[in-house]
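After the structure tokens below, expect a handful of questions from me.
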Amino acid sequence: MTLVLMTLTMLGCQQEQSADTPVVVPPEKIVQVTVHTVEPRAITETFTLPGHLEAWEDLILSAELAGPVRWVGPQEGDPLTAGQKILKIDTDTLSADYDRDSSDWQVKAQKLERMERLAEKNLISEQELDDMASAVAAAQATLQQTELRLTKSTLKTPIAAVLDSLMVDRGEFVSVGQPLVRLLQVDRLKVFVDVPEKDVDYLHVGDPIELSTATIDQQQAINRSGVLLAVSYAADPVTRTYRAKIGIDNIGHRLRPGRIVRVYFKRRQIDKALTVPLYALVERDGSKALFIEQQGTVRQRTIETGAVIGDQVVITSGLEAGDRVVVKGQQLISDNAKVMVEGI
């Protein structure tokens, strides 16, 4: 009985002590954040598509007459000037034919002159004079044909280009129409890009275009500026894309036909855009939101987004110029939370 009374007495004392002890409330946690003051600015929305390079002119020259290749001058990879000789086909035989036909024409022309003087004295008939005039005309026609064949026997480049491929060797017999050389004009290049139908309306002939080469292993990209030359009117029936052609200069011949490049097109210009870093957005109740800081307190604000340009996103609704948007620490706070702005 005595033990029970002692136990009750101790419990009563503990309850009195608990009632007299004040409740300790933990202090509100203040999160350190970084803010960004929103200001309207002009931005350019772009889109990037892959393209491939082609030579400005890509020519394959073929033989215009049959015969053995007697001489080859430049080699593969050599730069050529317009009109430069590349190779000769059976020029020895054709030169001999030209000399023979030229001599025959000269002899007959001189004979015609003598017969004309004789005809003035009525020493020969008109028929004899007409026959000789016909013979001279035939000899001249033969000479012109031989001269044309002799000209065709020497292959010359019609443009300034690079000898990309030499398809025959010296001494080889070639036939009429056989491909002999491939020439590439690479001082300028064409860039072809397949543009989706959702973007084709943004393209206009004459627009300035930027492009760069794809790089690997820390190589430095080659950047070039060009001009949009044409956009096809008909879409590809399979891909439903439109072919765009761009012209660029190729100073130093650093770019080669067939190379893949990144082409940057301008979609539109937004003059007074309100943008925030993409990573400042948070998801709340299925909607995108931002935290706006005002005098040490943040308020959650639902917003609507537009175009994403690099690491920035355009805010089309819910944001005003001058708002202080939390861009660091936003995942650790909630609406009406107290914060400490970094740097203040």
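The values are calculated or read from the model by the stated rules, or taken from the named source; none is laboratory data. All values reported here derive from a predicted model rather than from experimental measurement. Glycine also receives a Cβ, built like all others from the backbone with ideal geometry; neighbour counts cover every protein chain displayed.
Of a type in the set (Phe, Trp, Tyr), more than 29 Å from the chain's Cα centre (by Cα) and part of a strand (DSSP E or B), is that true of Phe291?
yes
In the range 232-272, what residues are of a type in the set (Val, Ile, Thr), under 15 Å from Gly51 (Cβ atoms) and crowded, with 18+ Cβ neighbours inside 10 Å?
In the first step, residues of the range 232-272 are kept if they are of a type in the set (Val, Ile, Thr); the result is 238-239, 241, 246, 248, 251, 260-261, 263, 270.
Restricting the remaining residues to those that are under 15 Å from Gly51 (Cβ atoms) gives 239, 241, 246, 248, 260-261, 263.
If the condition is that a residue be of a type in the set (Val, Ile, Thr), under 15 Å from Gly51 (Cβ atoms) and crowded, with 18+ Cβ neighbours inside 10 Å, then Ile246, Ile248, Val261, Val263 are the ones that fit.
Something else: Pairs under 6 Å by beta carbon, first residue among the basic types (Lys, Arg) in the range 201-225, partner not in a loop (DSSP other than H, G, I, E, B), six or more apart or different chains?
Arg224/Leu211; Arg224/Ile248
Residues of the range 140-180 being within 17 Å of Trp71 (Cβ to Cβ) and of a type in the set (A, V, I, L, M, F, W, C), which ones?
Answer for the range 140-180, where residues must be within 17 Å of Trp71 (Cβ to Cβ) and of a type in the set (A, V, I, L, M, F, W, C): Leu150, Leu155, Leu163, Leu166, Met167, Val168, Phe173, Val174, Leu180.
While we're here: For residues that are part of a helix (DSSP H, G or I) and either of a type outside the set (Gly, Ala, Ser) or closer than 21 Å to Phe173 by Cβ (or both), tally how many sit in the range 73-123.
Residues that pass the stated criteria total 26.
Of all residues being of a type in the set (Gly, Ala, Ser) and within 25 Å of Thr151 (Cβ to Cβ) in the range 98-134, which is farthest from the chain's Cα centre (by Cα)? Just the residue, please.
Ala109
Go through (1) farther than 29 Å from Arg41 by Cβ; (2) crowded, with 18+ Cβ neighbours inside 10 Å; (3) of a type in the set (Val, Ile, Thr) and name the single condition Thr275 misses.
(1)
Starting from the range 156-183, keep only residues that are of a type in the set (Phe, Trp, Tyr), then list their pairs with residues that are assigned to a loop (DSSP other than H, G, I, E, B) whose Cβ atoms are within a distance under 8 Å, requiring at least 6 positions of separation or different chains.
Pairs found: Phe173/Ala66.
I would also like to ask the following. Within the range 299-310, is there a residue that is outside the structural domain of Thr48 (by TED's automatic domain parsing) and not in a strand (DSSP E or B)?
yes
If I go through the range 278-298 residue by residue, how many of them are among the aromatic types (Phe, Trp, Tyr) and either under 23 Å from Glu45 (Cα atoms) or assigned by TED's automatic domain parsing to the domain that holds Gly77 (or both)?
Total meeting the criteria: 1.
Under 30 Å from Arg100 (Cα atoms), in a loop (DSSP other than H, G, I, E, B) and of a type outside the set (A, V, I, L, M, F, W, C): which single residue out of Asp169, Asp130 fits that description?
Asp169
Another one. What number of residues within the range 290-327 satisfy the criterion of being more than 30 Å from Arg268 (Cα to Cα) and in contact (Cβ under 8 Å) with a residue 24 or more places away in the chain?
7
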